[in-house]
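Worksheet for the structure shown next.
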Amino acid sequence: MEKVRDQRREDLVRTVLHPLVHTGKGYYMVVGALLLVVFWGLYAYSTQLREGLIVTGMRDRILWGFYIILFVFFIGISHAGTLISAILRVVKAQWRTPVTRMAEFITVVALSVGALMPMLDLGRPDRIPNLVLFGRWQSPILWDLLSITTYLTGSIIYLYLPLIPDLALCRDRLGTQGSAWKRAFFRIASVGWQGTARQKKYLKIAMGFMMVIIIPVAVSVHTVVSWIFAMSLREPWNSTVFGAYFVAGAIFSGIATIIVVMAILRKVFRLEAYITEKHFINLGYMLGGFTLIMMYFNISEYVVTGYKMAGETPFHFTQLLVREFAPFFWMYTIGGMVVPGLIILFPWTRTFTGVIIAAGFAMVGMWLERFIIVVAGLRVPLMPYEPSWYIPTWVEWSVMAAAFAMFGLIIAVFSKLVPVISIWEVAEQYEEEEGKVPASTEVSGRPPMRPARAEGAPGAGGGGGGTA
C-alpha cells in the first residue's frame, strides 16, 4: 500500500514538473506568434502616441472605447481567480486543489493587463503621476487606482505563498535538468523552505489570513470600477445596483475564463489524470449559478427602468432593443446568458465539452455586455444634439489583440517557470483521501522519492508530461 502511495505521488511530481524542463517546438511557435501580436500592438500604440487620439474612433461625444471596455473586462476576469480560490479554500472544498493555482495566476495576469488600459486611453500618458499628486479624493477614479493597486499587491502575495513549497520542490528535484538562471530563481524564490513544522505553521497562518482578507478587497475593486460609471450624470448608468451587478458579472466572466484556460493547459501539459471532468462539472455548476444571478440583475434593471421610462430612457431602450445596438444586446442576452444557462441546466449537455462551450459563450457575451455599457451608455445625448457613433480604428483593434496576446503570453511563460498545479496540496489531498495525517513528503520540498527521469515517463491514468 505504501509503495502504491509513493508511486502515485511520484507520478504527480513527474507529470507536473515535466513542462518546466522539456519544451517542444509548438511552444516556441505559440510564444513567437503571441510576441508578434504584442509587437504589432506596440507599433499601433506608438502611432497613437505620436499622432494623438485622433487615430482612434473616440471623440468628444463617445470618449471611451475599446480601452475602457478591456479595462472593465480584464478587471472582471481577475475577480474569479483569487475570489473563487479564496472561497473554495475557506469552505475546504476538496476538489479545488488542482484548480486554485491557475485561478490565482489568472487574477494576477488579468489585473496586470487590465491596469494598463486606462493608461493607453490617455492622450497624455506622461500626466499619469498627476492623478496621484493632484487627484481629488472625492473622485472614484482615485479610489479605483488605490483599490486596484491594493488588490494586485494582495493577489501577488496570495499567489506566492502556496507556491513556496513547490518552488522548493523544483529547487531540489530538477537539479541539472534546469538552466542556471532557473535554478537560481528556485533557490531564491523558495526562501529557504525546508518543510519544518514551524514553517508549515506560519505558512498556513499567512494563507488563512490572506484568503479571508482578499475576499472583501476583491469585492471592493469591481464595486469601485462600477462607481466610475454609476456616479456620473449618464441616464443608462444611473443605477444603485451597479456595484453588485459588476461584481456578479466579474465572477461570471472569471469562472468562464478559468474553465477555458484550464482546458487549454490540461490538454497541452497532459494533466487529464489530475484535472478531471469532475472539476469542469463543478465549475460548470458555479457558472450556471451566476448565470441566474446575471439574469436576475438584468431583469431587475431593465424592468424597473423601463417601467418608469424617465428622461432619456426611451432613446436608450430603443437603441438597445430594436436599433443600432440590438444585435449586440441580443447576442449578449441569448448567447451570453440563456445559452450557457441551458447547457448547464440539462445533464446530457452538462459534460466536459458542454461546460467549455458554455464558458466560451459566456466570455464573448460578457465582452459584449461591457461594450454595451460603455458605448451605448455614452451615445445617449446629454443635450439635444444628434447622437454620435463609435467605430474603432485599426489602432484600437491592434491594441486589443495585443492585450489578449499579452494575457496568453504571460500565462505561457508562467507555465514554464512554476508548476501549474499545486503539487503539495494535491499530495495532501491524497493523504486525506487515504484517511491519514498529511505527510511531509511533498510539502517539505525534499520528498523521499527517486529522482525524476529526464525523459519524463507517463503519469498515472495516462497523464504523462507535456511537451507544449
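The values are calculated or read from the model by the stated rules, or taken from the named source; none is laboratory data. Keep in mind it's a predicted model, so treat the numbers as computed, not measured. Counting neighbours? That spans all protein chains shown, and the Cβs are built from the backbone with ideal geometry, glycine included.
Counting only residues that are of a type in the set (S, T, N, Q) and within 22 Å of the chain's Cα centre (by Cα), which one in the stretch 280-303 is farthest from I343 (Cα to Cα)? The selected residue is N282.
When you check T393 against the structure, is it among the hydroxyl-bearing types (S, T, Y), more than 24 Å from the chain's Cα centre (by Cα) and either surrounded by 22 or more Cβ atoms within 10 Å (Cβ to Cβ) or more than 20 Å from T56 (Cα to Cα) (or both), yes or no? Answer is no for this residue.
Only one of the numbered conditions (1) in contact with a Lys or Arg (Cβ under 8 Å, 6 or more places away or on another chain); (2) aliphatic (A, V, I, L, M); (3) crowded, with 22+ Cβ neighbours inside 10 Å is not met by L88, and that is (3). Of everything in the stretch 393-451 that is polar (S, T, N, Q) and either modelled with pLDDT of 95 or more or outside any helix (DSSP H, G or I) (or both), the residue that is nearest to L159 (Cα to Cα) is S422.
Go over the candidates S46, S78, S85 one by one and state the one that is among the polar types (S, T, N, Q) and at pLDDT below 80. Step through it out loud before you land on a result.
On the way: S46 fails: at pLDDT below 80; S78 fails: at pLDDT below 80.
After ruling out the rest, the residue left standing is S85.
Remark: I77 falls outside the filter, which requires a residue to be of a type in the set (A, V, I, L, M), buried (at least 19 other Cβ atoms within 10 Å of the Cβ), assigned to a helix (DSSP H, G or I) and out of contact with any Gly (no Cβ under 7 Å at 6 or more places or on another chain). Condition check for T82 on (1) β-branched (V, I, T); (2) over 23 Å from A401 (Cβ atoms); (3) without any contact (Cβ under 8 Å) to a residue 60 or more places away in the chain: one failure, at (3).
The set of residues in the stretch 120-135 being farther than 10 Å from L53 by Cβ and assigned to a loop (DSSP other than H, G, I, E, B) consists of F134, G135.
From the list V260, V247, V241, the lone residue that is touching a Ser or Thr at 6+ places or on another chain (Cβ under 8 Å), surrounded by fewer than 19 Cβ atoms within 10 Å (Cβ to Cβ) and of a type in the set (V, I, T) is V241.
Could you check how many residues of the stretch 304-345 are over 31 Å from the mean Cα position of the chain (by Cα), among the β-branched types (V, I, T) and either in a helix (DSSP H, G or I) or surrounded by 13 or more Cβ atoms within 10 Å (Cβ to Cβ) (or both)? The total comes to 4. When V212, V191 are checked against the criterion of being outside any helix (DSSP H, G or I), of a type outside the set (D, E), surrounded by fewer than 16 Cβ atoms within 10 Å (Cβ to Cβ) and touching a residue at least 24 places away in the same chain (Cβ under 8 Å), V191 stands alone in meeting it. Answer yes or no: is there a residue in the stretch 268-275 that is in contact (Cβ under 8 Å) with a residue 12 or more places away in the chain, among the small types (G, A, S) and not in a helix (DSSP H, G or I). Scanning the stretch 268-275 turns up at least one residue that is in contact (Cβ under 8 Å) with a residue 12 or more places away in the chain, among the small types (G, A, S) and not in a helix (DSSP H, G or I).
Looking only at residues that are surrounded by 13 or more Cβ atoms within 10 Å (Cβ to Cβ) and not charged (D, E, K, R) in the stretch 197-207, which one is modelled with the lowest pLDDT? Let's see the steps before the verdict.
We begin by selecting, within the stretch 197-207, every residue surrounded by 13 or more Cβ atoms within 10 Å (Cβ to Cβ); these are 199-200, 203, 206-207.
Now narrow it down to the ones that are not charged (D, E, K, R): 199, 203, 206-207.
Numbers: Q199: 89, L203: 89, A206: 90, M207: 86.
Restricting to residues being surrounded by 13 or more Cβ atoms within 10 Å (Cβ to Cβ) and not charged (D, E, K, R), the top hit is M207.
Sort out which residues of the stretch 21-65 are of a type outside the set (A, V, I, L, M, F, W, C), over 25 Å from the mean Cα position of the chain (by Cα), surrounded by 15 or more Cβ atoms within 10 Å (Cβ to Cβ) and under 30 Å from L167 (Cα atoms), and write them in order of number. H22 - this is the single residue of the stretch 21-65 that is of a type outside the set (A, V, I, L, M, F, W, C), over 25 Å from the mean Cα position of the chain (by Cα), surrounded by 15 or more Cβ atoms within 10 Å (Cβ to Cβ) and under 30 Å from L167 (Cα atoms).
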